[in-house]
Amino acid sequence: MSDSQNYVPPAVWVWDAENGGAWASVNRPISGATRQEELPRGKHPLQLYSLATPNGQKVTIMLEELLALGISEAEYDAHLIRIGEGDQFTSGFVEVNPNSKIPALFDTDTGSRVFESGAILLYLAEKFGQFLPASGPERTEVLNWLFWLQGSAPYLGGGFGHFYAYAPEKFEYPINRFAMEVKRQLHLLDTRLGETRYLGGDTYSIADMATWPWYGNLVRGEAYNAGEFLQVQEYKNVLRWANEIRARPAVERGRMVNRMNGPLSEQLHERHDASDFDLRTQDKIAPKL
């Protein structure tokens, strides 16, 4: 990698497959499948293909919250997609999400593929009539914050998180640039959550489910090991909100699904039935594929 002080962009960019740090092996400048492989199908109408990154956690939290309300139609199969091994580039996955990013959902009841985590949350909220007001200013406010998250989280993950935690070399400018933006975002959230209990108002919604896996995990010290660096204890309202949501049983379950890191007691690599949480034998924690 060139020294950042001396780097001059070439007239024509050329892909360097070795440049990219932790994710160099799966990053590439083209889309589409790299191998032919069908996706597995489970017994439920909702088939989720995911990994418990913050974007993946959004959807499993939503599904577990729906089930906690007694909505049995929200039962789902969660299949593990190992993004570090390129599972997102199989022909089957690309059919569900041509963008080759997790999470991806296929609803066999309607024949609908749904990709992009925010779109999946909106699809499920409208399908089941939960966690999104039906109309009026309340609905608009929830959607304001849902779309805010979809636009803002890349600055935290692909921006700050990449350069602070994953880049092969650390440079002052990108870390400072994205740290400043993340702190601006946290200040915005802290201001909002000083006015209302949840992001959309007084009621828990898909805006909170979308935002918590990113910013809730960050202020709780569970993302990028950057709590001290960013002085997250300053954001008292975000911390209050983050801890309140973390205490929800459905959130506890949702963050475990398709998780491959952390203590084994917090991992459930695949989920095909609610009993999987209680019967987490070794084959369910690390199923053979």
| note | Phi angles of the stretch 193-206, converted by Karplus (6.51 cos²θ - 1.76 cosθ + 1.60, θ = phi - 60°) into ³J(HN,Hα) in whole Hz with x for Gly and Pro, give 6, x, 9, 9, 5, 10, 5, x, x, 8, 10, 4, 8, 5
| So how strong a dipole does the stretch 1-151 carry about its Cα centre when Lys and Arg Cβ are +1 and Asp and Glu Cβ are -1, to the nearest 20 debye? | 140 debye
| What ³J(HN,Hα) values, in whole Hz, does the Karplus curve 6.51 cos²θ - 1.76 cosθ + 1.60 give for the stretch 64-78 when θ = phi - 60°, with x put for Gly and Pro? | 5, 5, 4, 5, 5, 7, x, 8, 5, 5, 8, 4, 8, 9, 10
| query | For the stretch 217-232, what does the Karplus curve 6.51 cos²θ - 1.76 cosθ + 1.60, with θ = phi - 60°, yield as ³J(HN,Hα) per residue in whole Hz, taken in order and with x for Gly and Pro? | reply | 4, 4, 6, 7, x, 10, 9, 6, 6, 10, x, 5, 4, 8, 6, 5
| query | Check Thr203: other-chain or 5+ apart residues with amide H under 5 Å from its amide H, H built from backbone geometry? | reply | Tyr198
| request: Mind checking which aspartates and glutamates have their Cα closer than 14 Å to the Cα of Lys101? Skip sequence neighbours fewer than 8 apart in that chain. | output: Glu85, Asp87, Glu116
| For Ile81, which sequence-distant residues (separation of 5 or more, or a different chain) have an amide H within less than 5 Å of its own amide H, given hydrogens modelled in the peptide plane? | Ser50, Leu51
| task | Just need the relative contact order of the chain here, percent rounded to a whole number, with Cα pairs under 8 Å and 6+ apart. | result | 21 percent
| query | Rounded to the nearest 20 Debye, what is the dipole magnitude of the chain about its Cα centre when Lys and Arg each give +1 and Asp and Glu each give -1 at the C-beta? | reply | 260 debye
| request: Can you list which of the chymotrypsin sites (Phe, Trp or Tyr not before Pro) found in the stretch 229-274 are DSSP loop residues with at most 15 other C-beta atoms within 10 Å? | output: none
| task | Project the alpha carbons of the stretch 118-206 onto their principal axes and report the range along each, largest first, in whole Å. | result | 47, 28, 14
| said: How many angstrom lie between the Cα centre of the stretch 33-95 and the Cα centre of the stretch 143-218? | reply: 24 Å
| task | Please figure out what share of the DSSP beta bridges in the chain is antiparallel and state it in percent, rounded to the nearest 5. | result | 60 percent
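Quick note: the coordinates plus some simple rules give every number you see, no bench work behind them. As the structure is a computational prediction, the values presented were derived from the model and not from experiment. Virtual Cβ from ideal backbone geometry, glycine too; neighbours counted across all protein chains shown.
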